[in-house]
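The values are calculated or read from the model by the stated rules, or taken from the named source; none is laboratory data. Quantities reported herein were computed from a predicted structural model and do not represent experimental measurements. A quick note on method: Cβ atoms are made from the backbone with ideal geometry, for glycine too, and the neighbour counts reach across all protein chains shown.
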C-alpha cells in the first residue's frame, strides 16, 4: 500500500446544532470513523470542547482499527466565526456564545496533534471544490444554506479570506434596501429571506393570514413546527402555498447568486444545505432568475449545481484546510 493511502487528517465540523468528526484520507476519497452528536452549546465552551476531543479520540481509535498502519497528520477545524485563522482564535460566535476562544490550540493540545482553524462555511465549500460538485473548477463560489447563509470563495484551489478573514459572508449582502430585519442587525439581507428559518417564517405568515395549505396538516396545526423541510415535502406533493414559497426563495437566491456571478465571474456556483432537498423546484427558477439578472457571458461560463458531499463536506473541507496550511507551510 502506498504512503498516501495511509495518511489521514482529522476533520472537525462545529455547528450550532451538531458536531461532526471524521478521519479524511489525504486524497479526499476515503472518510473513516464519522461521528456526530448535538453541540449542546448551552453547556458552555469547556463542555463542547471536551466532547470534540473525546469524539476525536474515538475516531482515531476507529481509524487504527480499520486501516492498519494509518498515520494521522493533524487536525482541521471548521467553526462559525468571525475568527482569526492565523492565531486560531474564534472571536465571536453568537450561536455558540463563545468570545475570544483559542479553539485551535485547545483542540490541538487535547488531541496531541497540530491543528488549523477556518470558518465552517469556508471549509464546506472547499470540500466541495476539492472532491465534490466544484472539483476541477478554477473559481468556485459556494453558498451554504441552513440556520443562516454562509459562503466560501475558492480561487485556484485555495480559499479567499479577505483582509480580515471575513470574505464570503454572502448571507449578509443586501437584496432589499428596506427589507426584513436580519439577525446581524441589518435590513434586507439574503439570510433574512432564504435561510431555513426565514423560509419557514414566510410560509407561517401566510398561514396565519388565512392561506390554505396542507402544511397545517403536516404539523397537526402547530405552526411553530413548520420548517423549511416541511415546506419542501409539501411542495413535492403539489401544495400551492409551499410551491409559491419555494419559488420566492429561488428568486431571492437568484438575486444573490447573480450578484456573485457579476462580481467574481466564477465557473461554478455550488448550493449546499437543506435547501437542495427542494431539487428542481428551487434550482430551475433560481437559474432562470440568474440568467435574467447577470451578464450573459458570465452566466454562460458558469454552472449552478447542488452540493454532493452532504454532511461530510465540512469534515472533508476542514481536513483540506489543514493540508493547505500546515503541510504546505503557509500558515
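Whether any residue in segment 169-179 is farther than 23 Å from residue 83 by Cβ, without any contact (Cβ under 8 Å) to a residue 12 or more places away in the chain and assigned by TED's automatic domain parsing to the domain that holds residue 289 is what I want to check. Checked against the condition, which is being farther than 23 Å from residue 83 by Cβ, without any contact (Cβ under 8 Å) to a residue 12 or more places away in the chain and assigned by TED's automatic domain parsing to the domain that holds residue 289, segment 169-179 yields at least one hit.
Only residues that are surrounded by fewer than 19 Cβ atoms within 10 Å (Cβ to Cβ) and part of a strand (DSSP E or B) were counted in segment 143-163, giving 2. Residue 101 falls short on exactly one of the conditions (1) within 17 Å of residue 317 (Cα to Cα); (2) at pLDDT 95 or above; (3) in contact with a strand residue (DSSP E or B) (Cβ under 9 Å, 6 or more places away or on another chain), and that condition is (1).
So, in segment 62-88, how many residues would count as being touching a residue at least 24 places away in the same chain (Cβ under 8 Å) and farther than 19 Å from residue 151 by Cβ? First the steps, then the outcome.
In the first step, residues of segment 62-88 are kept if they are touching a residue at least 24 places away in the same chain (Cβ under 8 Å); the result is 62-63, 66-67, 69-86, 88.
In the following step, the residues that additionally are farther than 19 Å from residue 151 by Cβ were identified as 62-63, 66-67, 69-75, 86, 88.
Matching residues across segment 62-88 total 13.
Annotation note: of 65, 23, 50, the sole residue that is under 15 Å from residue 103 (Cα atoms) and either in a helix (DSSP H, G or I) or assigned by TED's automatic domain parsing to the domain that holds residue 93 (or both) is 50. Residue 37: assigned by TED's automatic domain parsing to the domain that holds residue 98 and part of a helix (DSSP H, G or I), yes or no? No. Among the residues of segment 215-265 satisfying the criterion of being in contact with a strand residue (DSSP E or B) (Cβ under 8 Å, 6 or more places away or on another chain) and assigned to a helix (DSSP H, G or I), which is surrounded by the fewest Cβ atoms within 10 Å (Cβ to Cβ)? It comes out as 264. In this structure, residue 212 qualifies as without any contact (Cβ under 8 Å) to a residue 40 or more places away in the chain, farther than 14 Å from residue 275 by Cα and not in a helix (DSSP H, G or I). Looking across segment 122-142, the residues that are in a loop (DSSP other than H, G, I, E, B) and touching a residue at least 40 places away in the same chain (Cβ under 8 Å) come down to 132, 133, 134, 137, 138. Of all residues in segment 294-312, those satisfying the criterion of being part of a helix (DSSP H, G or I) and either modelled with pLDDT under 95 or surrounded by 15 or more Cβ atoms within 10 Å (Cβ to Cβ) (or both) are 298, 299, 310, 311, 312.
Scan segment 8-20 for residues that are surrounded by 18 or more Cβ atoms within 10 Å (Cβ to Cβ) and in a strand (DSSP E or B) and the total you get is 9. As a summary of the residue check, residue 113 satisfies the conditions (1) under 13 Å from the mean Cα position of the chain (by Cα); (2) assigned to a loop (DSSP other than H, G, I, E, B); (3) under 21 Å from residue 23 (Cβ atoms) except for the one numbered (1). Filtered by the rule that a residue be touching a strand residue (DSSP E or B) at 6+ places or on another chain (Cβ under 8 Å), part of a loop (DSSP other than H, G, I, E, B) and either at pLDDT below 95 or farther than 25 Å from residue 230 by Cβ (or both), segment 180-194 gives 182, 186, 188. Residues in segment 176-193 that are in contact with a helix residue (DSSP H, G or I) (Cβ under 6 Å, 6 or more places away or on another chain) and surrounded by fewer than 20 Cβ atoms within 10 Å (Cβ to Cβ): 180, 184.
Here residue 6 fulfils each of the conditions (1) in contact (Cβ under 8 Å) with a residue 60 or more places away in the chain; (2) in contact with a helix residue (DSSP H, G or I) (Cβ under 9 Å, 6 or more places away or on another chain); (3) under 22 Å from residue 323 (Cβ atoms) apart from (2).
For (1) at pLDDT 95 or above; (2) under 25 Å from the mean Cα position of the chain (by Cα); (3) buried (at least 17 other Cβ atoms within 10 Å of the Cβ), each residue gets a yes or a no:
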position	(1), (2), (3)
61	yes, no, no
73	yes, yes, yes
77	yes, yes, yes
82	no, yes, no
87	yes, yes, no
92	no, yes, no
97	no, yes, no
